[in-house]
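J.: I have a structure here, written as structure tokens, and I will follow up with some questions on it.
The values are calculated or read from the model by the stated rules, or taken from the named source; none is laboratory data. The structure displayed is predicted, hence computed values, not measured ones. In this analysis, Cβ positions are derived from the backbone assuming ideal geometry, glycine residues included, and neighbour counts consider all displayed protein chains.
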Amino acid sequence: MEGEGILQATRLTTLVGLLERYSPTGNEAEAVAWLVGRMRALGFTGARVDEIGNAVGWMGAGPYQVLLLGHIDTVPGEIPLRLEAGRLYARGAVDAKGPLAAFVDAVAQVGEMPGVQWVVIGAVGEEGDSRGARFLLPHYRPQMLIIGEPSGWERLTLGYKGSAWVQVTARRTLAHTAALAESACEAAVAFWERLKQAVLTFNQGRSGIFDQLLATLRQMHSDSNGFEERAQLQIGLRLPPGLERPELEALLTAAANGDTWLIEDFIPAYRAEKNTPLVRAFLAAIRAQGGRPSFTLKSGTSDMNLAAPAWGCPTLAYGPGDSSLDHTPYEHIEVEEYLKAVEVLSHALRGLASIFNDHSGNNFA
């Protein structure tokens, strides 16, 4: 492979090792086992595979805990690992093995620090049902939470839209094609058109995409048993802050016009506070590397949406990579950006350790 010598460089071992192990959702075990071994080799206090299959490594004993939560699964579509012009191409290079590897390397670089425990988790299932993150919620209570998602090395992500999946079913008694009766397919299409209009109405006066409700028709299916025909739609919704489940249910009921719908999953939007010691530590770290820090809000959904409200601690998402490359055939990460992000993380973690050791209480908001 061209550039193989560079790929073997010690500073890229964690990243390359993860990228070499294709791990689409549901097939993460090999990558998880490798990462656990890698964390042990790097001198973590301990590392293991937890009961749900997450890779968990910890450094130090606390009592204060900083949890760095990444995910080790990827979307399907293997991209052979290659190096071109300082870029590593592979599935997961951006979303989100790059950020996860940066977490591991930064914690290894910082090492144990008095009073603080670093916990790095490569969660399974983030691209699916988030089973890895859901399992963690009752088992941890960190003082700070860092989510591993691509933001670019100079940016911090402070929020993600929520998401919901809705299945719509329209049923109609079969009629001759010459009849004027509405078919199940026509009813399903009419539902979709009413929903689109309801979304437009909801979004009036909401200028930013983060504050808007977004609807996408993802799947269509129809069948018949000779007596009744059925049409089904699967609709994906991106939810703005403040949109609660009852309001969404009312909107769907109005659009249904008697047909049935089912919300298969509902995850509210989340927006983190900007004025926290965690954010300030990262701002200082980015500036120390010569960067000009900025903030962003994402239209997707991440494990932040689940973990941050459950744990109620300061949070942000950070990681190297261009998120516009997520899930694409061209997914790649700049080697220099990766290395820069590791330095930012290391600087930020040292800053957090100082905050914990100087603080006499437990409120770090």
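J.: Kindly establish whether residue 328 is assigned by TED's automatic domain parsing to the domain that holds residue 69 and assigned to a loop (DSSP other than H, G, I, E, B).
T.: Working: assigned by TED's automatic domain parsing to the domain that holds residue 69: yes; assigned to a loop (DSSP other than H, G, I, E, B): yes.
It is true that residue 328 is assigned by TED's automatic domain parsing to the domain that holds residue 69 and assigned to a loop (DSSP other than H, G, I, E, B).
J.: Kindly indicate whether residue 208 is under 30 Å from residue 52 (Cβ atoms) and either buried (at least 17 other Cβ atoms within 10 Å of the Cβ) or among the small types (Gly, Ala, Ser) (or both).
T.: The answer is no for residue 208.
J.: Further, regarding this structure: Quick test for you: out of 211, 259, 223, pick the one residue that is under 18 Å from residue 190 (Cα atoms), acidic (Asp, Glu) and without any contact (Cβ under 8 Å) to a residue 60 or more places away in the chain.
T.: One residue alone meets the criteria, 223.
J.: Name the residue that is farthest from residue 167 (Cα to Cα), counting only residues in the stretch 193-243 that are touching a helix residue (DSSP H, G or I) at 6+ places or on another chain (Cβ under 6 Å) and in a helix (DSSP H, G or I).
T.: Going through the qualifying residues, I end up with 198.
J.: Residues to consider are 151, 163, 130; find the one that is among the hydroxyl-bearing types (Ser, Thr, Tyr) and out of contact with any strand residue (DSSP E or B) (no Cβ under 7 Å at 6 or more places or on another chain). Working first, answer last.
T.: Values: 151 fails: out of contact with any strand residue (DSSP E or B) (no Cβ under 7 Å at 6 or more places or on another chain); 163 fails: out of contact with any strand residue (DSSP E or B) (no Cβ under 7 Å at 6 or more places or on another chain).
Residue meeting the stated conditions: 130.
J.: While we're on this one: Return a yes/no flag: does the stretch 171-186 have any residue that is closer than 20 Å to residue 264 by Cα, surrounded by 15 or more Cβ atoms within 10 Å (Cβ to Cβ) and of a type outside the set (Val, Ile, Thr).
T.: Checked the stretch 171-186: no residue is closer than 20 Å to residue 264 by Cα, surrounded by 15 or more Cβ atoms within 10 Å (Cβ to Cβ) and of a type outside the set (Val, Ile, Thr).
J.: Any residue that is under 15 Å from the mean Cα position of the chain (by Cα), among the small types (Gly, Ala, Ser) and in the same structural domain as residue 280 (by TED's automatic domain parsing) - is there at least one of those in the stretch 113-120?
T.: no
J.: Let me ask something else. Assess whether residue 301 counts as being β-branched (Val, Ile, Thr) and modelled with pLDDT under 95. Working first, answer last.
T.: On the way: β-branched (Val, Ile, Thr): yes; modelled with pLDDT under 95: yes.
For residue 301, the condition - β-branched (Val, Ile, Thr) and modelled with pLDDT under 95 - is met.
J.: Quick check on my filter: what residues within the stretch 19-29 are in a helix (DSSP H, G or I) and over 24 Å from residue 335 (Cβ atoms)? Write out each step before concluding.
T.: Step one: list which residues in the stretch 19-29 are in a helix (DSSP H, G or I), which gives 19, 29.
Listed by number, the list holds a single entry, 29.
J.: Kindly evaluate residue 248 against the criterion of being under 22 Å from the mean Cα position of the chain (by Cα) and either touching a residue at least 12 places away in the same chain (Cβ under 8 Å) or not assigned by TED's automatic domain parsing to the domain that holds residue 166 (or both).
T.: No.
J.: Determine which member of the set 251, 278, 316, 297 is surrounded by 14 or more Cβ atoms within 10 Å (Cβ to Cβ), closer than 30 Å to residue 198 by Cβ, of a type outside the set (Val, Ile, Thr) and touching a Leu at 6+ places or on another chain (Cβ under 7 Å).
T.: Working: 251 fails: touching a Leu at 6+ places or on another chain (Cβ under 7 Å); 278 fails: closer than 30 Å to residue 198 by Cβ; 316 fails: closer than 30 Å to residue 198 by Cβ.
After applying the criteria, what remains is 297.
J.: Assuming residue 126 fulfils every condition listed in (1) outside any loop (DSSP other than H, G, I, E, B); (2) crowded, with 24+ Cβ neighbours inside 10 Å; (3) not basic (Lys, Arg) apart from one, which condition is it?
T.: Going through the list (1) outside any loop (DSSP other than H, G, I, E, B); (2) crowded, with 24+ Cβ neighbours inside 10 Å; (3) not basic (Lys, Arg), residue 126 breaks only (1).
J.: Report, by residue number, each residue of the stretch 131-161 that is of a type in the set (Phe, Trp, Tyr), buried (at least 21 other Cβ atoms within 10 Å of the Cβ) and out of contact with any Ser or Thr (no Cβ under 9 Å at 6 or more places or on another chain).
T.: Listed by number, the list holds a single entry, 153.
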